[in-house]
Amino acid sequence: MRFAPLVHYAELSVAVAFGLALANTDSAGSLVVRNEGQNSLLTCSRSGAQELDNVHWDPVESYSYQNTSSVVPGPWVIDRDIIRMVGKLSIEEKVGQMSQIQVGQVIGCDGKLNESMVEHWINKWKVGSFLETPGNHDGEFSWYSPENFADVTDTVQRIALKTGPKLPIIWGLDSVRGANYVKGGTIFPSGTSTAATFNQQLAYEAGRIAAKDTRAAGVHWSFAPVLDLSVNKLWSRTYENFGEDPYLSSQMSSASVKGFQGDYKHDRSRVAACLKHFIGYGYPFDGSDRANRHIATHELLEYYVPPFQAAIDAGSATAMESYGVVNGEAVMLSHYYLTQLLRKQMGFAGLLVTDWAEINSQADIYATARNRTHATQIALQRTSVDMSMVADDESFMQATVDLVKNGAISEARLDESVARILQLKKDLGLFDSPFADKALAETVGSLQDVEAARDTARESITLLKNDKGVLPLSKSDRVLFIGPTLNSTRYMGGGWNVHWTGPSDEEGDAVYQGFGDTVIKGVEQVTGAAPKYMKAVDINGTGFVDIDKVIAAAKDADKIVIGLGENSYAENSGNIDGLLLPQKQLDLVSILASKAKKPIAVVLIEGRPRRLGNVPKLADAILDAYLPGAYGGLPIAEILYGKVNPSGRLPITYPATEAQASSTIWQSSYVDYRPQWPFGFGLGYSKLKYSNVTLSSNTLKMGSPITAKLTVTNHGPYPQKEPVQLYTHQHYRVGYAPDLYRLRAFEKVDLGVGESKTISLKLSAEELAFWDRNLRKRVEPAPVTVAINPFTQMDIHAVVELEADPEYVLDEADY
Ligand code: BGC
């Protein structure tokens, strides 16, 4: 475990408090149950053997739905009937509403839902919320179909409606990339891929489809979107987020929230979204998950807050605080982060839930409270947290009831939170229709949804190198396909896919039961013939497989496609000590380059930008597919063979060295930025040309946005989608080093061969405002370069004079 400083805590208790399985980096491959049974009242130890869920259905090919991409739900108000309802509840019932228990607590020794345990939690502790899939906890099935999942949620709901306060429960689930925990729920590419598309509509669709498939399982709340900036690329959660850039991430955030929620107060195919994790999670100082972060508050406001603000502005009904410590202060206990900033400054009025066991962890892990009761007290006193993801014991309930009874916490404090919780239940329709809508199940896995997932993959895959026209491949090429990631669905899915850390080795690809495909299957579909495939190397890079035969086959081929990448992981199990891909994977490329001497195309399937050693030199072509999801196989094949022209762009800086692990496009401009590939970079098969950018004015004043106009032409030979990206770089900023580049606008255009399009992108002076150390917004009156796709080497830019209203200009008094 990485939490060694607390030597006086037994490893077990640390793991328990963190909600972690004890296994760590070497856990990949076996089913990693989350905190299984550590505090369970059931004394049995479950076997770990789960069955495949054999429910089959023929999803409809297509269905109609309400496009709500422009709908923002009305303001968050608490209705009178909800206030009356709160007034009728006892202290214990109020505390129960504020408590969320993980489903592993109600799975019996036989792997099935244990109704006595459900009654225990609801009767004794009045619990009002559950979370997670039984499939992460040795439930009966490894991947629950909508029908079997709904059986679990509906049973719990039935018990809740006849027990205690008879209030419906709300169920939360990490449907972060489609309903990844619902069998057949269309698994989308990861957040990084979504961002790489530079196409907000795809983020909207991913949210909408995830919501529908989640709701089909009787689940009402998705813990998504994930909005942390992926700054330290060592971080195991890099792939969950929309990249490193505040603007790109904000655009995706807004679209995603609208997709999840739509008109959720009326539309029962939608769920509540949850902006997470608030805040600053993406810059762990040493790259390990949950390590503390050092981010000056004005920088937090400048870079990390915008995606969350965008989610709030899009009406996100809920939020989740972030694990751990920012600038030495525990987020969970911070009045500043969770009340002042989130509620008052940013205007979040919805339900705030803790991350897993975070209140207890204050005492158990971070040493930021005397004991669990003390942690509960200060969390409730200082912050506006509404619900505790407890998730495994009665400590929060017992402590809170005691604290109210002895007067340390007022009952009014509970009322405030319970009102928000019950309002959300009402808005989601749980008082009128608490059970799963079985009719939704027939749309789960429909071709229409699968195509939406594939489109996201198609538009995200990023061509980083293509020398000598190695790609696209021709059907007449004799191609040898090599590498473990090319013949696997599960590695394309990564973590948060079927299970928390992805499918186990024992399950392999069988668990998907056809809901997905591999690259090799995709190639077969594109070319009409099964390609020659060899594994060649183990995914963990521990050894070669039949290397002599691989070399012989490579000599005999016209071209070689090598799949490199990562095994699946989530959170702590993905901690690494360095960015380099496993050495044997890299050696494979060197061996084939020197011995076979054939053109090599490398396909990366990885959750974070791993360093590639000599591969960028040795390979003739490189495609980054990120984690394209269970349906990523066909899109990769289509791009390899030129059926689809790559149009993804890097949403993160791709480091060349370990020292660049936290390099970003927005770092101070005087620091060397020479990564392997820069943010926003990506190639296509066609030849594009931009014509000069013209600005509607040479001065940019506050309150008067300007327009940048430019023309982009496709000189062929393929149709090409192109994300036109507008960046700014300020020439100087008195006292505050300017950013290298900031993305300010983008638009993805579709260009036929020979076609030209003129694009207009807006820029306002307010966007160029920055936060100073005294947490005031400032504008520097100084020239700004407006650059279009600066990393394409086309050098299209113009300069504008930025003017600032006097109250925004820094003066001596500010220093
Ligand atoms: C993660 C959250 C997730 C929660 C519930 C935590 O470990 O940090 O992102 O929503 O578990 O599964």
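Figures for the structure shown
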| read-out | value |
| --- | --- |
| Test: residue in segment 202-209 that is open to solvent by less than 10 Å² (accessible area, probe 1.4 Å) and within 30 Å of Ala659 (Cα to Cα) | no |
| Residue that is more than 16 Å from the ligand (Cβ to nearest atom), open to solvent by less than 10 Å² (accessible area, probe 1.4 Å), part of a helix (DSSP H, G or I) and in contact with a strand residue (DSSP E or B) (Cβ under 7 Å, 6 or more places away or on another chain), where the choices are Val95, Val156, Val86 | Val156 |
| Candidates Gly754, Gly684, filtered to the one that is in contact (Cβ under 8 Å) with a residue 40 or more places away in the chain and open to solvent by less than 40 Å² (accessible area, probe 1.4 Å) | Gly684 |
| For Ala439: the one exception among (1) modelled with pLDDT of 95 or more; (2) over 23 Å from Thr373 (Cβ atoms); (3) in a helix (DSSP H, G or I) | (1) |
| Residues satisfying the stated conditions in segment 213-241, i.e. farther than 21 Å from Asp624 by Cβ, touching a Gly at 6+ places or on another chain (Cβ under 9 Å) and more than 16 Å from the ligand (Cβ to nearest atom) | Asp213, Ala216 |
| Those strands (runs of 3 or more DSSP E) lying entirely in segment 517-628 with at least 1 residues open to solvent by less than 10 Å² (accessible area, probe 1.4 Å) and within 18 Å of Thr192 (Cβ to Cβ) | 559-565, 600-605, 621-624 |
| Of the criteria (1) closer than 27 Å to Phe242 by Cα; (2) buried (at least 17 other Cβ atoms within 10 Å of the Cβ); (3) not small (Gly, Ala, Ser), which one Tyr670 fails | (2) |
| Segment 162-175, residues that are among the β-branched types (Val, Ile, Thr) and surrounded by fewer than 24 Cβ atoms within 10 Å (Cβ to Cβ) | Thr163 |
| Residue list for segment 634-685, filter: more than 27 Å from Glu299 (Cβ to Cβ) and part of a loop (DSSP other than H, G, I, E, B) | Tyr641, Gly642, Lys643, Val644, Asn645, Pro646, Ser647, Gly648, Gly682, Gly684, Tyr685 |
| Pair list, Cβ < 6 Å and 6+ apart or interchain, from segment 172-191 residues that are within 19 Å of Gln448 (Cα to Cα) and at pLDDT below 95 to residues that are away from the ligand (no atom under 16 Å from the Cβ) and part of a loop (DSSP other than H, G, I, E, B) | none |
| Criterion (farther than 21 Å from Pro134 by Cβ, aromatic (Phe, Trp, Tyr) and open to solvent by 10 Å² or more (accessible area, probe 1.4 Å)) met by exactly one of Phe188, Phe242 | Phe242 |
| Unique match (being more than 16 Å from the ligand (Cβ to nearest atom), over 24 Å from Ala391 (Cβ atoms) and not in a strand (DSSP E or B)) among Ser62, Ser116 | Ser62 |
| Some residue of segment 446-466 being touching a residue at least 12 places away in the same chain (Cβ under 8 Å) and over 25 Å from the mean Cα position of the chain (by Cα) | yes |
| Yes/no for Ala255 being in the same structural domain as Val385 (by TED's automatic domain parsing) and within 16 Å of the ligand (Cβ to nearest atom) | no |
| Count - residues of segment 712-743 that are touching a Ser or Thr at 6+ places or on another chain (Cβ under 6 Å), crowded, with 19+ Cβ neighbours inside 10 Å and assigned to a strand (DSSP E or B) | 4 |
| For Trp121: the one exception among (1) touching a residue at least 24 places away in the same chain (Cβ under 8 Å); (2) open to solvent by less than 10 Å² (accessible area, probe 1.4 Å) | (1) |
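Matching residues to (1) within 23 Å of the chain's Cα centre (by Cα); (2) within 30 Å of Gln261 (Cα to Cα):
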residue: Leu300; (1), (2): yes, yes
residue: Ser322; (1), (2): yes, yes
residue: Lys344; (1), (2): no, yes
residue: Ile365; (1), (2): no, no
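The values are calculated or read from the model by the stated rules, or taken from the named source; none is laboratory data. Just so we're clear, the structure is a prediction, and the values are computed from it rather than from any experiment. Cβ: placed from backbone, ideal geometry, glycine included. Neighbour counts: every protein chain shown. Heavy atoms of the whole protein, side chains included, go into the accessibility calculation; ligands, DNA and RNA do not. Shrake-Rupley method; radii C 1.70, N 1.55, O 1.52, S 1.80 Å.
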